[in-house]
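FYI, it's all coordinate maths here, none of it is from the lab. What you are looking at is a predicted structure, and each value in this text was computed from that prediction instead of being measured. Neighbour counts are summed over all protein chains in view; Cβ atoms, including those assigned to glycine, are modelled from backbone coordinates with ideal geometry.
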Amino acid sequence: MILRDVVHADIPALIAIMAPVIRDTTASFSDEERDEAGWKAMIAARHAAGRAFLVAEADGVVLGYGTYDQFRSNNGYRLTMEHSIYLSPEAQGRGLGRKLMVALEDHARAAGVHSMFGGIDADNASSIAFHEAVGYAQVARLPQVGFKFDRWLDLVLMQKIL
């Protein structure tokens, strides 16, 4: 398994990874799937800002991705980031998420980032456990801030000082 920078040729794999997440789960609160143009715009924005956008690949197959961007938009948050890591179902439980997280954190540290957040559905026990295992602490629970599948969702914020 290798980690490498995302390229536009990876977009079909990114769509395939995220479509069932958006369609079937609350791992993302969004109910709108990003199309090819949306992925291209996101990749360009991350690269322009100097942020990491990595894919995990094995035998030529993209199994997941990780990226980060500024936590909130005003410049007072310029040293605080929020990450996203998503894996295909067959890649879960193989240590790829941990490798992506380490690479994202290393990249962020080298860029002078002070703090990294993960925003997680409060019912996603496996993601919360993963974040705890890699050194994140729960710092907030925001009740009923997301709405998907006709129900309100709580958001847990987990933070790590880098």
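Net charge near residue 144: determine it from the other residues with C-beta under 14 Å of the C-beta of residue 144, scoring Lys and Arg +1 and Asp and Glu -1. Walk me through the numbers on the way to the answer.
Numbers: positive: 141, 148, 151; negative: 121, 123, 150, 154.
Summing Lys/Arg as +1 and Asp/Glu as -1 gives -1.
In which sequence would 150, 69, 10 go, from the one with the fewest C-beta neighbours within 10 Å to the one with the most? Walk me through the numbers on the way to the answer.
Numbers: 150 5, 69 16, 10 19.
With the sparsest Cβ surroundings first, the list reads 150, 69, 10.
In whole Å, how far is the Cα centre of region 99-151 from that of region 20-75?
Using only Cα atoms, the two centres lie 14 Å from each other.
Taking every DSSP beta bridge that has both residues in the chain, what percent is antiparallel when rounded to the nearest 5?
Working: 32 of 35 bridges.
So the antiparallel bridges amount to about 90 percent of the total.
With the Cα gyration tensor of region 1-78 giving a ≥ b ≥ c as the square roots of its eigenvalues, does the rule (a/c under 1.5 for rounded; else a/b larger than b/c for prolate; else oblate) give rounded, prolate or oblate? Working shown, then result.
Details: a/c = 1.80, a/b = 1.20, b/c = 1.50.
It is oblate, given that a/c is not under 1.5 and a/b is not larger than b/c.
Give the cross-link partners of residue 99 among the lysines, using a straight C-alpha distance below 19 Å as the criterion and excluding same-chain residues fewer than 8 apart.
The reachable lysines, counting only those whose Cα sits under 19 Å from residue 99, are 160.
Please state, to two decimals, what the Cα-based radius of gyration of the chain comes to when divided by 2.2 N^0.38 Å (N = residues). Can you show the working numbers first?
Numbers: Rg = 15.1 Å, N = 162, 2.2 N^0.38 = 15.2 Å.
Cα-based Rg divided by the globular estimate yields 0.99.
Give, to the nearest whole percent, the P(r) tail of region 65-117 beyond 17 angstrom, counting all Cα pairs. Display every interim value, and only then the final one.
Details: 522 of 1378 pairs.
In whole percent, the share of Cα-Cα pairs in region 65-117 beyond 17 Å is 38.
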